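Enquirer: I have a structure here, written as structure tokens, and I will follow up with some questions on it.
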Amino acid sequence: MTNGFVPEPPQSPTPQSTQFGTVVPIPADRHVRRGQEEYAHALSALLPQGIAWPRWSDSTLMRVVYGLSGAMGWADGRAADLLERESDPRQTVEMLDSWERAWGLPDPCYQGPQSVGERQQALVLRMTMLGAQSREFFYGVADFLGYKISITEYRPFMVGVDRCGDNRTIQADGSLSDWPCQIGYSTMRFAWTVHMQQPKLVWFRAAKGQCGIDPHLRIARAGDLECLIHRWQPAHTQVLFDYSGISDPFAAADRYNVAQRAGDEVVLRSGVAVVDTRPTTIFWPQAPNAFYVGSPTSDQPSLLQALAPADPATTVWQNAVVAKGGTISTTWLQQTDFLIKQIKQADLWTVLDRLWIFGGESELSSLVDLVAGASAINVNSAIWSTRGGFQGGPGYVNTNFNPATAPGRKYQRNSSTLIAWVMPVSTAITAQNIIVSSRDTTANSLIAPWTSAPVIGAQNLLTYFAINDANAAAWNFYQSTSYPYGYFGVTRSGVTSSSGYYNGIQIQFSSNPSAPVISSPVTFCGMGNNYMSPAQLCLGVIAGGMTAAQHRTLYTLLRNFFLAVGVDVGTPPAPPL
């Protein structure tokens, strides 16, 4: 009588199969996986001999052995997964979060949604990168992230070095090189341009994407690359990004309404017919300096429009205007909604207390704030014009915002901002030209383009800035500006630090100590009944402390908005040499 046969040992360790059914050979120096068969053989070999210990496969004993072996084989496979896959940052999935924590990821440059593959890619880049600032380094980073770029550097024409005429050279591929020099400011040598040659296409890939989360294809703008290059660029340089080489950088992206370009009807799966009225031009974002080169030729709408539904803040503003008997055109409402969504996307909304577009379609709508739907008051009939704004003289704008008592205010003693946008002048600017103040008598918070004689157009002015300033009366915080119009801002960021901004660029700094916030409403177009400004304001902002980057971003977003709705805010002047 026999007790059966001991299971034959496998000829080799159980191979690992891929998801497509093919067998992956096991290298001699690789970790060996052992599955149910291997563990069943090992356990059965350890059992006692005798008729009470049968070895045939359908016996109860061997079924128990095979059951235990299955659990052991599963544990062995899971251990092998951790050893073979999760220990490799290029393949890790389950341990990806732990890898990222160990290497300080996610990087703040990766704000958008990331697939598993992109996260693995960012991890490997962080682990293997050797810093540099050469062209080849930036080419390598862009290629690793999935972008194709080229870089152009600039230098001014130099007598004795350059020559007149076409002095470009023929490159190895037969094309002409960039111009070796340009006519312009000497400071252009500190600017360089990154030309994007294609959008980033992120395809869904098995083991690199998550079903139900990642789309089949995502067309991404190079936000991650822009952020990394800004971080690693030489500190004395200004980098620009050119997307004009891409036919349509936002085609099929979910940020804009995109349909057919020729006005054809599109029938959605729901049966709804869509007629595209998309224009074929674009207002490209205006850079805050004169180094912005080129212009896009991509087929994008001139009035970029945010997708429905409207932002809640847009609805609050619209209802406040309608409740006062005002009306809003569809274009203005759409562009206001787009502006609000862009400000929120840029993480600026939480800093703002009030934002008035004084240069609106009607005086009534111009007095309603976008952030809280609060109303300002035109005192003494300040002059107002469509798409121009308010002009002081006999009157001024009382915002009804008391920075010392307003509920939920971001404006604080050592973290505060005031901004006013002055329109191009058609009347003389006089010495009494306070455009924003937080007090009706001697102010400790104000912005005042100042001159001793009336001027129109481009002349040197002294622009005074003060915010919660204990030494405001000393008038020692000022900057000479060439143009009496544009974006003027002042921010206090500490007990002894405040900064002045012009067109999004910091132009002055003060270490004057701070003073308590004045308990009096902020006024625009003058300082109450005292100093009236003939300057015309198209915008006013009250906010908490803002960084230089936030000023640049807000300036660009507001300028794009004004261009889209037809408010002529003038051409930004060139930066000083």
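Enquirer: Express in nm, to one decimal, how much length is gained between residue 56 and residue 85 on full extension, taking 0.36 nm for each residue of separation and deducting their alpha carbon distance.
Expert: Stretched fully, the residue 56-residue 85 segment lengthens by 6.7 nm.
Enquirer: Determine ³J(HN,Hα), in whole Hz, for all residues of the stretch 362-370 in sequence, where each value follows from phi through the Karplus function 6.51 cos²θ - 1.76 cosθ + 1.60 and θ = phi - 60°; x replaces Gly and Pro.
Expert: 3J(HN,Hα) across the stretch 362-370, in whole Hz: 9, 4, 5, 5, 5, 8, 9, 6, 7.
Enquirer: Can you list the residues, at least 5 places off or on another chain, whose amide H is less than 5 Å from the amide H of residue 33, using H built in the peptide plane?
Expert: The answer is none.
Enquirer: Moving on. Scan around residue 358 for amide H atoms under 5 Å from its own, H built in the peptide plane at 1.01 Å from N, and keep only partners 5 or more places away or cross-chain.
Expert: Amide H to amide H, under 5 Å and 5 or more residues apart or across chains, residue 358 pairs with 539, 540.
Enquirer: At 0.36 nm per residue, and after removing the present C-alpha to C-alpha distance, how many nm does the segment from residue 330 to residue 164 gain when stretched out fully?
Expert: 54.5 nm
Enquirer: For residue 315 and residue 139, what is the calculated FRET efficiency with R₀ set at 45 Å and r taken between the beta-carbons, to the nearest 0.05?
Expert: Taking R0 as 45 Å, the efficiency between residue 315 and residue 139 is 0.45.
Enquirer: Further question on the same structure: HN-Hα J couplings of the stretch 344-357 from phi, Karplus 6.51/-1.76/1.60, θ = phi - 60°, integer Hz, Gly and Pro as x?
Expert: Each residue of the stretch 344-357 in turn: 5, 5, 7, 6, 9, 4, 5, 8, 7, 9, 9, 8, 9, 8 Hz.
Enquirer: Given points 7 Å out from each Cα along the Cα-Cβ axis, report the residue 75 to residue 350 separation in nanometres with one decimal.
Expert: 4.6 nm
Enquirer: Determine the distance separating the Cα centre of the stretch 313-362 from the Cα centre of the stretch 88-109; give it in Å without decimals.
Expert: With the stretch 313-362 and the stretch 88-109 each reduced to a Cα centre, they are spaced 40 Å.
Enquirer: To continue, here is another question. For the stretch 64-146, which chymotrypsin sites (Phe, Trp or Tyr not before Pro) are in a loop by DSSP, counting at most 16 other Cβ atoms within 10 Å?
Expert: For chymotrypsin sites (Phe, Trp or Tyr not before Pro) across the stretch 64-146 that sit outside H, G, I, E and B with at most 16 neighbouring Cβ atoms in 10 Å, the list reads 103.
Enquirer: When only DSSP loop residues count, what GluC sites (Glu not before Pro) in the stretch 44-97 have their Cβ near at most 13 other Cβ atoms within 10 Å?
Expert: The qualifying sites are 94.
Enquirer: What's the extension gain from residue 226 to residue 375 if we count 0.36 nm per residue and subtract their Cα-Cα distance?
Expert: In short, 49.7 nm is gained.
Enquirer: Would you pull out the residues with amide H under 5 Å of residue 505's amide H, same chain only if 5 or more places away, H placed 1.01 Å from N?
Expert: none
Enquirer: When the Karplus curve 6.51 cos²θ - 1.76 cosθ + 1.60 is applied with θ = phi - 60°, which whole-Hz ³J(HN,Hα) does each residue of the stretch 322-336 get, with x for Gly and Pro?
Expert: The phi angles translate into 5, 4, 8, x, x, 10, 9, 6, 4, 4, 5, 5, 5, 6, 5 Hz.
Bear in mind that the values in this text are calculations on the coordinates, not laboratory data. It should be emphasised that the depicted structure is a prediction, and the values quoted were computed from it without experimental measurement. Counting neighbours? That spans all protein chains shown, and the Cβs are built from the backbone with ideal geometry, glycine included.
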